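*Asks:* Once you've had a glance at the structure underneath, I'll fire off some questions.
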């Protein structure tokens, strides 16, 4: 069974981790099972995978693949997590060959 975890980027530059609880201060309300967040937060889901160093990989992370020079962004597209780059979209095939180098909120300069 895959562990379902989230973290959130609070737009005032703070990460909030969600582990093992059903209600958080940032959750405005639930509606038919969907979480509705205040506009001050961006929600990121854990992929269930870890990089070559054992760091958890979340949606919104910036990933370096050993065989590519440009970084990729972890995104959830059409029901699966993928790595998107300038011209390529890749599946997570070998996580031992990827490294989390940042995220799209704190490290936008890595995407240039």
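Bear in mind that the values in this text are calculations on the coordinates, not laboratory data. Since the structure is predicted, the reported quantities are computational estimates derived from the model, not experimental observations. Here Cβ is always computed from backbone atoms with ideal geometry, including for glycine, and neighbour counts include all displayed protein chains.
*Asks:* If each residue's Cβ is checked for other Cβ atoms within 10 Å, how do 82, 98 rank with the fewest at the top?
*Replies:* 82, 98
*Asks:* Also, I was wondering about something else. Could you give the length gained by full extension between residue 87 and residue 107, i.e. 0.36 nm per residue of separation minus their alpha carbon distance, to one decimal place?
*Replies:* The span from residue 87 to residue 107 would gain 5.2 nm if fully extended.
*Asks:* Mind ordering 56-62, 101-107, 83-89 by average Cβ neighbours within 10 Å, highest first?
*Replies:* Ranked from most to least packed, the peptides come out as 56-62, 101-107, 83-89.
*Asks:* Related question: Test of understanding: ordering 55, 92 by Cβ neighbours within 10 Å, fewest first, what list do you get?
*Replies:* 55, 92
*Asks:* Now for a different question. Fully extended, how many nm does the chain gain between residue 68 and residue 10 (0.36 nm per residue separation, minus their Cα-Cα distance)?
*Replies:* Here the answer is 17.8 nm.
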